[in-house]
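The values are calculated or read from the model by the stated rules, or taken from the named source; none is laboratory data. Keep in mind it's a predicted model, so treat the numbers as computed, not measured. Cβ: placed from backbone, ideal geometry, glycine included. Neighbour counts: every protein chain shown.
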Amino acid sequence: MDEEQKTEQPKIDFKELKKGGYLKQRQKDLFCLRIKAPMGMLNSEQLTKLAELAKTYGQGVVHLTVRQGAELPWIHYDNINRVSEELKQTGLTMGACGPRVRVVVSCPGTRWCPQGWIDALSFAEQLDKEFYGKPEYDNLPHKFKMSVSGCMNSCAKPQENDVGFHGQVEPQLTKEKCIDCNICERVCPTEAIKVHPRKKTISLDASKCIFCGLCILNCPGGAWQAKQIGLAFYAGGKWGKFPQLGRKAANFLSEKQAIYAIRKTLEFYMKEAKKGERLANVLNRLGIDQLRTQIAE
Amino acid sequence: MEAIKADQILDLKGVVCPINFVKTKLKLEEMEKGQVLEVYLDDGEPILNVPRSVKDDGHKVLKLVDMGGWYRLFIEKS
């Protein structure tokens, strides 16, 4: 009788569980619930709920993941559904594992960081809506990660992701507004700006400018202004056992162009990658120019 | 370079971020509108942070003078 009951019990579909962000722990029957906190944002109600659930069903701890998620470890599988339901009540859903588009990572950008050039959070939110949990990107050759940084400081590490973006800005000078303070020359990290005190002129070597925008941010008189602001696009970054940085695939994309570029990159990846191969390795094999051509179309 | 006359001088060499900015801010609060504060700053991070923070607070940065390893920053209180 006992034997029969055992065989009748539904098997746990680990693949399905993993897709939904339920990670089997090394301890028997225990799971770690990976919760999606888009761009690392959780409201106070959600944080309170997480704390409650950790106390009631776990061991009173929440683990913050590298990709800005929150994990509830030590949940017995008997309680998984109950915990998931309670999470849903506060608008929290499960994160992703496996070969699919993962949760988008983002820095605060212009929302509150003094350095940002783009509203990284709202752009990341758009990417989340466009690409996360979509059936067409649910069975990729391998995982596919995205990240957005407000500026070139790259705090959200866009170059470590399959596709990544950072804000960039092209400066231009209005000479009449220049008060001859010398700050721009000092803050420029590539010595692209030269102040010529005798001639009272400033020159910008366009070939040296990396579009970081420090001259604009620091200029007290508003003489340096943004000529254009856009997104630098990197492709083929990864971490893991053989890390490598993504390569620059395009400059000064608009948000719309950037979303198009990701679609094209995903198409390219699904077409060209062998099973289990990351975008980085595809680009190593075929060269990034193939991807650049596809995006440029 | 035209000479700028400072009403007050604050030596912040050896003072790290963001303490150097906070000290600058407090000093400016004591001063009258239109007065000039001269601040001595180390090269490196202070130069990338203090002038911009002063600007963001609405004061007018007048001049940065390279003294070789450190800088003189002139600020007009707004």
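If you take the residues in region A:238-254 that are among the small types (Gly, Ala, Ser) and in contact with a strand residue (DSSP E or B) (Cβ under 6 Å, 6 or more places away or on another chain), which one is nearest to B:Lys55 (Cα to Cα)?
First, the residues of region A:238-254 that are among the small types (Gly, Ala, Ser): A:240, A:246, A:249-250, A:254.
If we keep only those that are in contact with a strand residue (DSSP E or B) (Cβ under 6 Å, 6 or more places away or on another chain) too, we end up with A:246, A:249-250.
Values: A:Gly246: 35, A:Ala249: 35, A:Ala250: 33 Å.
It comes out as A:Ala250.
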Checklist outcome for this item: Going through region A:21-50 in order, the residues found to be more than 15 Å from A:Arg82 (Cα to Cα) and of a type in the set (A, V, I, L, M) are A:Leu23, A:Ala37, A:Met39, A:Met41, A:Leu42, A:Leu47
Next on the checklist: Among the residues that make up region A:132-145, is at least one of them part of a strand (DSSP E or B), touching an Asp or Glu at 6+ places or on another chain (Cβ under 6 Å) and farther than 30 Å from A:Lys208 by Cα?
Outcome noted: yes
Checklist entry - Which ones in region B:28-78 are assigned to a loop (DSSP other than H, G, I, E, B) and without any contact (Cβ under 8 Å) to a residue 40 or more places away in the chain? => result B:Asp43, B:Gly44, B:Asp57, B:Gly58, B:His59, B:Met67, B:Gly68, B:Gly69
Checklist entry - Residues A:Lys143, A:Lys175: which one is in contact (Cβ under 8 Å) with a residue 40 or more places away in the chain, farther than 30 Å from A:Lys24 by Cα, away from chain B (no Cβ under 14 Å) and among the basic types (Lys, Arg)? => result A:Lys175
Checklist entry - Just a yes or no: is a residue in region A:197-207 in contact with a helix residue (DSSP H, G or I) (Cβ under 7 Å, 6 or more places away or on another chain) and away from every other protein chain (no Cβ under 14 Å)? => result no
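Return the only residue of A:Cys215, A:Cys184 being buried (at least 20 other Cβ atoms within 10 Å of the Cβ) and more than 27 Å from the chain's Cα centre (by Cα). So that I can check it myself, show each step before the final result.
On the way: A:Cys215 fails: more than 27 Å from the chain's Cα centre (by Cα).
Within the list A:Cys215, A:Cys184, the selection yields A:Cys184.
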Checklist entry - Among the residues of region A:187-195, is any modelled with pLDDT of 95 or more and in a helix (DSSP H, G or I)? => result no
Item to check | Odd one out for A:Asp138, checked against (1) within 13 Å of chain B (Cβ to nearest Cβ); (2) touching a residue at least 24 places away in the same chain (Cβ under 8 Å); (3) of a type in the set (Asp, Glu) | outcome: (1)
Checklist entry - Taking the stated definitions as given, is A:Gln244 closer than 22 Å to A:Leu140 by Cα and surrounded by fewer than 19 Cβ atoms within 10 Å (Cβ to Cβ)? => result yes
Checklist outcome for this item: Subset of region A:31-57, residues β-branched (Val, Ile, Thr), surrounded by fewer than 19 Cβ atoms within 10 Å (Cβ to Cβ) and either modelled with pLDDT under 95 or within 26 Å of the chain's Cα centre (by Cα) (or both), comes to A:Thr48
Checklist outcome for this item: When (1) surrounded by 15 or more Cβ atoms within 10 Å (Cβ to Cβ); (2) within 14 Å of chain A (Cβ to nearest Cβ) are applied to B:Glu45, the one that fails is (1)
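Just give me the residues in region A:180-194 being more than 10 Å from chain B (Cβ to nearest Cβ) and in contact with a helix residue (DSSP H, G or I) (Cβ under 7 Å, 6 or more places away or on another chain), in sequence order. Outline the logic, then answer.
Quick first cut of region A:180-194, residues more than 10 Å from chain B (Cβ to nearest Cβ) only: A:188, A:190-194.
Matches in region A:180-194: A:Cys188, A:Ile193, A:Lys194.
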Next on the checklist: Take the residues in region A:209-266 that are under 30 Å from A:Glu185 (Cβ atoms) and of a type in the set (S, T, N, Q); name whichever of them is farthest from the other protein chains (Cβ to nearest Cβ).
Outcome noted: A:Asn251
Next on the checklist: Please determine whether any residue of region B:44-57 is farther than 22 Å from A:Lys177 by Cβ and in contact with a Lys or Arg (Cβ under 6 Å, 6 or more places away or on another chain).
Outcome noted: no
Checklist entry - Residues A:Gln59, A:Gln115: which one is in contact with a strand residue (DSSP E or B) (Cβ under 7 Å, 6 or more places away or on another chain) and either farther than 30 Å from A:Ile229 by Cβ or assigned to a loop (DSSP other than H, G, I, E, B) (or both)? => result A:Gln59
Checklist entry - Scanning for something within 14 Å of chain A (Cβ to nearest Cβ) and either buried (at least 17 other Cβ atoms within 10 Å of the Cβ) or part of a loop (DSSP other than H, G, I, E, B) (or both), does region B:6-14 turn up at least one residue? => result no
